[in-house]
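Visitor: Here it is, the structure, as structure tokens.
Please treat every number below as a calculation from the coordinates, not as lab data. Quick caveat: nothing in here was measured; it's all calculated off a predicted structure. Every residue, glycine as well, gets a Cβ built from its backbone with ideal geometry; the counts of neighbours run over all protein chains shown.
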Amino acid sequence: MVEALNVLYGDSGSWWRALLRDKDVFVAIRDGYLNVYAKGGSIARVGFEGGRLTCQVHAEYLTLGEYEYIKLSDQGLPQNRSMVTTFNDYVTHLRQIKNRVAKHSGLERAGENEIAARVNTVLDIEAAFSGKDEGLEAAELTPERDQKGGRIDMVVLRKDGVLIFIEVKDHSNHKDLRSKTRPPVCDQLLEYHEWLKDHRDEVAAAYTNSRKLLKQINCRHPLAGDEPLKVDTIPRLLIFGYDTPQQTKLRKEIVPLIVRCTAQEIKGFGGQHVLARGAASGFTDEQLE
């Protein structure tokens with residue numbers, strides 16, 4: 001698969017080269033395939049079957065046209081909506097495909113994807129560990145997972161080879177961030193922590209392999225070194241999507257309560273583990289460590 005992808009990357013007009021050169025795109029290693037994200041959704045699942053590369057895309061994203069609403073009638077629409085079915089059309093209409101993804105993505109997924117596409121130290125987003133062999137799967141493919149903590153919003157690789165695991169929240173997520181006693185996000189952070197403690201070796205091995213593969217397929221991650229990776233079991237909470245007036249309450253009330261509650265159960269958790277910026281575009285490599 002790696003060799004085939006690199007050959008395709010050498011073709012200046014190929015769909016794979018178009019994806020890797022797109023500023024909105026983030027490539028994630030999965031168990032036997034790649035997931036390519038943009039604007040908060042998967043715009044390509046790249047596999048290798050029968051000696052050939054395969055590329056699957058959700059049909060909803062490949063339907064072209066700007067209809068928001070369709071008026072039904074006995075005669076139907078004057079013309080049918082076209083659909084992307086070839087690689088040439090995929091490259092030609094990539095911007096429209098991304099726009100369709102954006103319409104179906106929530107604020108958190110879209111912001112998370114924006115950060116991952118901009119910040120070079122992000123190694124993975126939207127992953128879930130399969131229970132059998134701890135291989136990486138796309139989180140959207142395992143929506144009913146029973147194993148708590150095995151779903152990962154974002155993974156960052158520090159320069160010292162330590163993996164950082166991040167729960168991502170948009171400021172508008174009142175359900176998880178707001179409470180007078182204990183915000184629900186504290187339970188999510190605890191689940192991350194407990195799960196990472198129990199699976200740190202498997203997680204480190206999976207991402208050590210991911211780093212190796214990303215280096216082989218021309219992805220832009222600065223992944224120097226081949227030493228085994230380590231896991232920081234203290235999760236981070238990343239919050240974005242607020243303006244200046246909202247910032248005051250966030251920093252004086254919301255974040256301190258989250259820190260106090262979480263620190264009671266996760267030793268070492270403190271304010272430095274909450275990463276907050278008004279916009280997703282405001283995060284840099286250093287700020288995610």
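Visitor: If the viscosity is 0.692 mPa s and the temperature 37 °C, what Stokes-Einstein diffusion coefficient in µm²/s follows for the stretch 1-105 when Rh is the Kirkwood radius over Cα pairs?
Guide: In µm²/s, the coefficient rounds to 219.
Visitor: Whole Å is fine, so just give me how far the alpha carbon centre of the stretch 88-129 lies from that of the stretch 200-217.
Guide: Spelled out, the Cα-based centre of one part sits 21 Å from the other.
Visitor: Moving on to the next point. Taking K and R as +1 and D and E as -1, what net charge do the other residues with C-beta under 10 Å from the C-beta of THR262 add up to?
Guide: Charge balance near THR262 sits at 0.
Visitor: Rank-order 241-247, 192-198 by packing density, defined as the average count of other C-beta atoms within 10 Å over each peptide's residues, highest first.
Guide: 192-198, 241-247
Visitor: Average projected area of the Cα convex hull of the chain, in nm²?
Guide: 18.2 nm²
Visitor: What residues have an amide H closer than 5 Å to that of ARG236, excluding those fewer than 5 places away on the same chain, when H is modeled at 1.01 Å from N in the peptide plane?
Guide: PHE165, ILE166, GLU167
Visitor: Relative contact order of the chain, please, whole-number percent, based on alpha carbon pairs below 8 angstrom and at least 6 residues apart.
Guide: Reported relative contact order: 17 percent.
Visitor: Lysines within cross-link reach of LYS252: Cα-Cα under 23 Å, excluding same-chain residues under 8 positions apart?
Guide: LYS169, LYS175, LYS180, LYS267
Visitor: Here's something else I'd like to know. Using the Kirkwood formula on the Cα atoms of the stretch 246-289, what hydrodynamic radius do you get, in angstrom to one decimal?
Guide: Radius from the Kirkwood sum: 11.5 Å.
Visitor: Among MET154, MET83, MET1, what is the fewest-to-most ranking by other Cβ atoms within 10 Å?
Guide: The order, fewest Cβ neighbours first, is MET83, MET1, MET154.
Visitor: Also: Nearest 5 percent is fine: what portion of the DSSP beta bridges confined to the chain is antiparallel?
Guide: Roughly 75 percent of the DSSP beta bridges within the chain come out antiparallel.
Visitor: Can you tell me the order of 113-124, 155-166, 249-260, 29-40 when each peptide is scored by its average per-residue count of other Cβ atoms within 10 angstrom, highest first?
Guide: The packing order, highest mean first, is 113-124, 29-40, 155-166, 249-260.
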